[in-house]
Structure formats: C-alpha cells, structure tokens
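Structure, as structure tokens:
The values are calculated or read from the model by the stated rules, or taken from the named source; none is laboratory data. Keep in mind that what you see is a predicted model, and the values were worked out from it rather than measured. Note that each Cβ is placed from the backbone with ideal geometry, even for glycine, and that neighbours are counted across all protein chains shown.
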Amino acid sequence: IQEKEFLTKNTAESLRITLKSTIDLVTYLLNNCGFNYVLTSKLNQDALEKFFGIIRQSSGPNDHPSTPNFLQLYRLLSVYSLVKPPKSGNCTISSDKDYAPVITISDLKNAMNENDESNVRENKIFKLKTYIDDIVEEGRWDMDDVFKDNDFNDDGTFNCVVYYLAGYLARKLMKKTTCKMCLSGIKNIEGNTCISNAAQLVHLKSKGFLIHPDSNFFILVRLIETSFAINANSPNAFDDTVEHFFNNNYTIPFP
C-alpha cells in the first residue's frame, strides 16, 4: 500500500492513541476494579459530540464558534435552567404556598456573616444545608418557590450589582491604556478603604484582586444601565438607549 493511499499522519496517530487508550482502560478495569467484562461499545464519544452539537446550535447561524464564543456559550449553558425546571409538562403544579421549604435572602446573609461566633455560624450553615437537601430530595427546585421574598429590585441591590459590573469594565479598560489620568478616571486607587454601600458586594467577593471603579465611572455605568432598562424591550434598544442617555443631559466629570 502506498503512503498516499493510507491514512494521513494525524489520523493514523489519533487512531493509535485511541486504540492504546482503550486497551489500557479495559486492562485497568479488569485487573484493578474487579470487572468481569467490559462492553467496549459503551466506550464512545457520543456524549462529547452531543455537547459540541449543543454549543454549535446555541451559537445561532455561526455553527463554527471561535474559542471565546465557545467559552461564553459554555458558561451560559452551565447556569441556564440549573435550578429552575419548566413550569409546565406532564405534571400538575401545586398551588400550596408552603410547597417548598422557604430560603430567604436573610438566611444566606446570616450564614455568610463572619462576625458571628464559629459555633453560631456553623449552626446557621447546617440549617441552610438542611433546607437545600429537602428541596433537592423532594424535587422542589423552582427558584420562585425557594426564594419567595427578595430585595433584588431595591436600589441598594441594583447599585451593588452595577458597582461590581463597573469594576469588571474598569479592569478591561485598564488593559488598553497606560495613561495615568485615564486610569484615575476609571479606577478607585483607594478601593480597599471604600465605605460606600454600593461596594459591599465587591468587599464580600474580593480576595484582594477585584477592582473598585472610580465614583464617576460607576455613576456613568449606572446611568447607562438605567437608560438600557427603560428601552430594553424596544426593537431598537441600542439606538434608543444612546438617545435616551444623551437627551437627559447627563453630565459626567472627568479628572
């Protein structure tokens, strides 16, 4: 057989690795794991191919996503409908208000309170774990049932989330310039000492590496987010958001 009639070098090498890996795996299962037999037909990559198919399908018309797009889609799919199954199907929805054990936002905050004594905090965490175990065991995974009361729409929560997002944007922008004046306009140099209520989320999540945005930059992002929230359902959301932002005569100082 001539070389041009055989497999390509990469294909032949991949085939050799696949066969050797299969033999090694079967030998390990038989000798070390007590298997009586191994069904090699079960050793396939269908699950992997299915996963890549889902990624390609989720990317819309672009069925050959780039590496950044693949990572972004993977992160989105990892959390999509993770704890909230469909509300309809071949089952009835319970109308009982006490259907699921209720976990309040206060329970989470109390469990994360580092000012409590160790035994008190351990009891709170154990109680929270019990709630979560009950939810999982009984299949009551609807997020609306679990967290019945929340403060997601409060101004304080909104400011905390926008402040965290502004810090992320500041980190990205810092990579694009070395101008000290520009950096001072997007980053709070004394971020670790910031006592603003909006910085609470960053203080909780930071291990010394999160960026605190400059106050003016934070205000800018908050105003943009407010304009977007007003025009989010518009067919021309981007144009309407920009127009709304500038028509309201927002003035943002710059150092």
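Return yes when Cys182 is surrounded by 14 or more Cβ atoms within 10 Å (Cβ to Cβ) and at pLDDT below 80 and no when it is not.
no
This table checks each residue for (1) in contact with a Lys or Arg (Cβ under 7 Å, 6 or more places away or on another chain); (2) among the small types (Gly, Ala, Ser); (3) surrounded by 14 or more Cβ atoms within 10 Å (Cβ to Cβ); (4) without any contact (Cβ under 8 Å) to a residue 24 or more places away in the chain.
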residue: Lys175; (1), (2), (3), (4): no, no, no, yes
residue: Asn188; (1), (2), (3), (4): no, no, yes, no
residue: Ala199; (1), (2), (3), (4): no, yes, yes, no
residue: Gly208; (1), (2), (3), (4): no, yes, no, yes
residue: Arg222; (1), (2), (3), (4): no, no, yes, no
residue: Glu225; (1), (2), (3), (4): no, no, yes, no
residue: Asp239; (1), (2), (3), (4): no, no, no, yes
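Taking region 9-55, which residues are polar (S, T, N, Q) and either surrounded by 10 or more Cβ atoms within 10 Å (Cβ to Cβ) or within 30 Å of Leu76 (Cβ to Cβ) (or both)?
Within region 9-55, Thr11, Ser14, Thr18, Ser21, Thr22, Thr27, Thr40, Asn44, Gln45 qualify.
In region 197-228, what residues are more than 16 Å from Tyr163 (Cβ to Cβ) and of a type in the set (Gly, Ala, Ser)?
Within region 197-228, Gly208, Ser227 qualify.
Do we find that Ser227 is at pLDDT 75 or above, outside the structural domain of Leu128 (by TED's automatic domain parsing) and in contact with an Asp or Glu (Cβ under 8 Å, 6 or more places away or on another chain) in this structure?
no
In the list Asn233, Asn216, which residue meets the criterion of being over 26 Å from the mean Cα position of the chain (by Cα) and in the same structural domain as Val161 (by TED's automatic domain parsing)?
Asn216
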